[in-house]
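Participant: Can you keep this structure in mind? I'll have questions shortly.
The values are calculated or read from the model by the stated rules, or taken from the named source; none is laboratory data. Nothing here was measured: the structure is a model prediction, and the numbers come from that model. A quick note on method: Cβ atoms are made from the backbone with ideal geometry, for glycine too, and the neighbour counts reach across all protein chains shown. Protein only, heavy atoms only, side chains kept; ligands, DNA and RNA dropped before computing areas. Shrake-Rupley method; radii C 1.70, N 1.55, O 1.52, S 1.80 Å.
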Amino acid sequence: MCASRGVRRANMELEYNMFVDAHCHLLGSHLEEQKLRPLLDRARRAGVSGFVSVATDLENSRKTLAQAQTMPEVCASLGVHPHEASTWTPDTGPALESLLRDPTARFVGETGLDWHYDFSPRKDQETVFREQIRLARRVRKPLMIHTREAPEATLRILQEEGASEVRGIIHCFSEDLSFARRALDLGFYLSFSGILTFKNAQAIREAATFAPADRILVETDAPYLAPVPHRGKTNEPAFVVFVAECLAQLRGIHPETLGDLTTQNLEELCGWAPSY
Ligand SMILES: [Zn+2]
Ligand SMILES: [Zn+2]
């Protein structure tokens, strides 16, 4: 388990230089426009200076890109989430592709398989996943992968579609060491979320300790999955600091070192670093 330092830093005053939240949702009904600036300011005060803002369907991709274009500390990940796979039409691919040509768009996704909720039929999830890997290869941008309760199928499809060519992030890593090894072999990065701080996450902590330093990232997946000590509350990018502290503790390094490392890793993968 990771000891929490949250009480001491209850006000989230600036203690660190720079962390990047490698996966958060800055759009949607949970977040009215006027709340965004204060939310990003709170993150900044906590030492979080960059944000990968992730879209979940085509309409959301348009808005996510437009928003990111106005903020130098935000880059965009555009795609169709497996939950929304059944919204995919023959027009979706070309529309998404033209959005992805924009330099502010740095990732394709989130895309993948979610066999826990099965909100879209599995057949549709697979088709749309394959389409987006092909799209990523065409636009030469890395993938943002969501995978839940479908580890074998996810790895098989990544392999069959040649995803190693563009690489990407296994976001909100919640698999085990054996999955981690295979994803790393495919060239993927592992992004750890607040789940890392949960009591029953031993297998995830094992993978987080094992992964090479140049392949790790931290994220919130805000507004979901708040880390300890905020578990159960609405998550926000400022809380990526708790994830980073936990990961740093597991790996025996200083949180600031982890911040520098993960910021460099993100830049190495997608060519983007926040200007601030
Ligand atoms: Zn996800
Ligand atoms: Zn997400």
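Participant: Out of (1) within 16 Å of ligand 2 (Cβ to nearest atom); (2) out of contact with any Cys (no Cβ under 9 Å at 6 or more places or on another chain); (3) under 22 Å from ARG140 (Cβ atoms), what's the single condition that is false for PHE173?
Facilitator: Single failed check for PHE173: (3).
Participant: Quickly run through the stretch 139-158 and pick out the residues that are out of contact with any helix residue (DSSP H, G or I) (no Cβ under 7 Å at 6 or more places or on another chain) and not aliphatic (A, V, I, L, M).
Facilitator: ARG140, ARG148, GLU149, GLU152, THR154, ARG156
Participant: Follow-up question, since we're still on this one. Any chance the stretch 23-31 includes a residue that's farther than 18 Å from LYS141 by Cβ, modelled with pLDDT under 95 and more than 16 Å from ligand 2 (Cβ to nearest atom)?
Facilitator: There is no residue in the stretch 23-31 that is farther than 18 Å from LYS141 by Cβ, modelled with pLDDT under 95 and more than 16 Å from ligand 2 (Cβ to nearest atom).
Participant: So, PRO212, is that one at pLDDT below 95 and over 13 Å from the mean Cα position of the chain (by Cα) or not?
Facilitator: Spelling it out, it is not the case that PRO212 is at pLDDT below 95 and over 13 Å from the mean Cα position of the chain (by Cα).
Participant: Quickly run through the stretch 130-158 and pick out the residues that are under 13 Å from TRP115 (Cα atoms) and either touching a residue at least 24 places away in the same chain (Cβ under 8 Å) or in contact with a Cys (Cβ under 9 Å, 6 or more places away or on another chain) (or both).
Facilitator: Narrowing the stretch 130-158 to residues under 13 Å from TRP115 (Cα atoms): 146-154.
Matches in the stretch 130-158: HIS146, THR147, ARG148, GLU149, ALA150, PRO151, ALA153, THR154.
Participant: Okay, next question. Take the conditions over 18 Å from HIS25 (Cα atoms), of a type in the set (Phe, Trp, Tyr), modelled with pLDDT of 95 or more and open to solvent by less than 10 Å² (accessible area, probe 1.4 Å) and apply them to PHE51. Does it pass? Spell out the reasoning first.
Facilitator: Details: over 18 Å from HIS25 (Cα atoms): no; of a type in the set (Phe, Trp, Tyr): yes; modelled with pLDDT of 95 or more: yes; open to solvent by less than 10 Å² (accessible area, probe 1.4 Å): yes.
Spelling it out, it is not the case that PHE51 is over 18 Å from HIS25 (Cα atoms), of a type in the set (Phe, Trp, Tyr), modelled with pLDDT of 95 or more and open to solvent by less than 10 Å² (accessible area, probe 1.4 Å).
Participant: Output the residue which, of all residues in the stretch 31-65 that are within 16 Å of ligand 1 (Cβ to nearest atom) and assigned to a loop (DSSP other than H, G, I, E, B), is nearest to CYS270 (Cα to Cα). Please lay out each step first, then the result.
Facilitator: Narrowing the stretch 31-65 to residues within 16 Å of ligand 1 (Cβ to nearest atom): 51-57, 60-61, 64.
Narrowing further to those that are assigned to a loop (DSSP other than H, G, I, E, B): 55-57.
Numbers: ALA55: 17, THR56: 19, ASP57: 21 Å.
Within the stretch 31-65, the match that is nearest to CYS270 (Cα to Cα) is ALA55.
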